[in-house]
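What follows is a single structure, written as structure tokens, with notes after it.
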Amino acid sequence: MKIMIAGASGGTGSYLTQEFDKNENELFLTYNTSKDKIYRTKNAKSTIFKCDFTKSGEVETTYSKIDSLDVLINVMGTVENNLVSKMNENEWDSVIASNLKTVFLSCRYGIRKIAINGHIINISSILGSTGMIGATNYVASKGGVEAFTKSFALECLHSRKVFVNAIALGYFNVGMGLKLSNKILNIVKEKIPLKEFGEPEEIGILVKYIISSRYLVGQVIHLNGGLRV
Ligand SMILES: NC(=O)c1ccc[n+]([C@@H]2O[C@H](COP(=O)([O-])OP(=O)(O)OC[C@H]3O[C@@H](n4cnc5c(N)ncnc54)[C@H](OP(=O)(O)O)[C@@H]3O)[C@@H](O)[C@H]2O)c1
């Protein structure tokens, strides 16, 4: 399979790269600022691109170098917390751009390359449905990703028979999940019925299920250890 991991330099993207590092796969991996964090494949053929997905020119150029894809996984994202009453315009704009505009632009240019019966998966967050004090910009961006996914899924089905879905992650032992302070980590763990963060293997299992399906369309699948049911 030809698989694009947009945001391969993050914890989750790097894990997914390892998971798909198989001889039969060709991987297209992107970073924005952290090239050194891209996992170097041992088996799969891979190409690495520098791309800021908030910039349409860079996104268009990146996809112009790819002939075709079976799977596109949009993993990029960022957080910049503040209360709304204290949040400046830049904190709002940059998070909405990094989490929502990136998905729009990646889908806008990526869809042209995806083969019939191919898949797009957008990575969202449980916070897109629950909300969180101090993370309203992030919450709004992920709610936007989920609404975008549903609407775009219908467009893609009509025009190209490409399956678009989203995964809303709870808290995981990877990427930004590892950057929480101990205090927050313990508060969150206490709220999770399973009392522990998810392992990235769970994300791999779900991604593989989604791309094996020819009937799952426009869904936001929650993976959160019971934190929200
Ligand atoms: N880990 C969790 O517990 C958790 C929970 C809920 C949701 N999520 C979601 O899962 C996804 C992956 O998160 P993660 O935990 O792996 O975070 P991470 O380690 O911080 O990785 C974030 C990735 O996004 C990329 N990125 C950010 N802004 C970008 C831009 N403008 N253009 C291109 N790439 C950009 C980063 O690239 P560079 O580093 O190269 O700049 C990096 O590859 C995110 O959408 C996040 O919201 C994660």
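Could you list, in sequence order, the residues of the stretch 115-138 that are more than 13 Å from the ligand (Cβ to nearest atom) and among the β-branched types (Val, Ile, Thr)?
Answer for the stretch 115-138, where residues must be more than 13 Å from the ligand (Cβ to nearest atom) and among the β-branched types (Val, Ile, Thr): Ile116, Ile120, Ile133, Thr136.
Condition check: surrounded by fewer than 13 Cβ atoms within 10 Å (Cβ to Cβ), at negative phi and away from the ligand (no atom under 13 Å from the Cβ). Does Leu178 satisfy that?
Judged against the criteria, Leu178 is not a match.
Is there any pair with a first residue in the stretch 1-22 that is farther than 24 Å from Thr54 by Cβ and at pLDDT 95 or above and a second that is more than 15 Å from the ligand (Cβ to nearest atom) and among the β-branched types (Val, Ile, Thr) whose Cβ atoms are under 7 Å apart and which are 6 or more apart or on different chains, and what are they?
Short answer, once both residue conditions are applied: Met1/Val71; Phe20/Ile3; Asp21/Thr41.
Could you say whether any residue in the stretch 143-152 is surrounded by 22 or more Cβ atoms within 10 Å (Cβ to Cβ) and within 12 Å of the ligand (Cβ to nearest atom)?
Yes; the residues of the stretch 143-152 include at least one that is surrounded by 22 or more Cβ atoms within 10 Å (Cβ to Cβ) and within 12 Å of the ligand (Cβ to nearest atom).
Based on this model, can you work out whether Thr47 counts as assigned to a strand (DSSP E or B), surrounded by fewer than 19 Cβ atoms within 10 Å (Cβ to Cβ) and within 16 Å of the ligand (Cβ to nearest atom)? Before the answer, list the steps.
Working: assigned to a strand (DSSP E or B): yes; surrounded by fewer than 19 Cβ atoms within 10 Å (Cβ to Cβ): yes; within 16 Å of the ligand (Cβ to nearest atom): yes.
Yes: the conditions hold for Thr47.
Conditions (1) within 12 Å of the ligand (Cβ to nearest atom); (2) over 20 Å from the mean Cα position of the chain (by Cα); (3) surrounded by 14 or more Cβ atoms within 10 Å (Cβ to Cβ), marked per residue:
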site	(1), (2), (3)
Ala140	no, no, yes
Leu157	no, yes, yes
Arg160	no, yes, yes
Val217	no, no, yes
Leu223	yes, no, yes
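Working only within the stretch 1-41, note down all residues that are near the ligand (Cβ under 7 Å from one of its atoms), part of a loop (DSSP other than H, G, I, E, B) and not polar (S, T, N, Q).
If the condition is that a residue be near the ligand (Cβ under 7 Å from one of its atoms), part of a loop (DSSP other than H, G, I, E, B) and not polar (S, T, N, Q), then Gly7, Ala8, Gly10 are the ones that fit.
Here are Glu89, Glu80: which of them is at pLDDT 95 or above, more than 25 Å from Ile167 (Cα to Cα) and either of a type outside the set (Lys, Arg) or touching a Gly at 6+ places or on another chain (Cβ under 7 Å) (or both)? Before the answer, list the steps.
Numbers: Glu80 fails: more than 25 Å from Ile167 (Cα to Cα).
Result: Glu89 is the single residue among Glu89, Glu80 that is at pLDDT 95 or above, more than 25 Å from Ile167 (Cα to Cα) and either of a type outside the set (Lys, Arg) or touching a Gly at 6+ places or on another chain (Cβ under 7 Å) (or both).
May I ask you to list the residues in the stretch 81-100 that are surrounded by fewer than 20 Cβ atoms within 10 Å (Cβ to Cβ) and either outside any helix (DSSP H, G or I) or within 13 Å of the ligand (Cβ to nearest atom) (or both)?
Within the stretch 81-100, Asn81, Asn82, Leu83, Val84, Ser85, Lys86, Met87, Asn88, Asp93, Ser94, Ile96, Ala97 meet the criteria.
Condition check: crowded, with 16+ Cβ neighbours inside 10 Å, in contact (Cβ under 8 Å) with a residue 40 or more places away in the chain and in contact with a His (Cβ under 6 Å, 6 or more places away or on another chain). Does Val71 satisfy that?
yes
Mind counting the residues in the stretch 19-41 that are β-branched (Val, Ile, Thr) and over 19 Å from Gly77 (Cβ atoms)?
Residues meeting the conditions: 1.
The values are calculated or read from the model by the stated rules, or taken from the named source; none is laboratory data. Predicted, not measured: the structure shown is a model, and the values here were computed from it. So basically every Cβ, Gly included, is an ideal-geometry build from the backbone, and we count neighbours across all protein chains shown.
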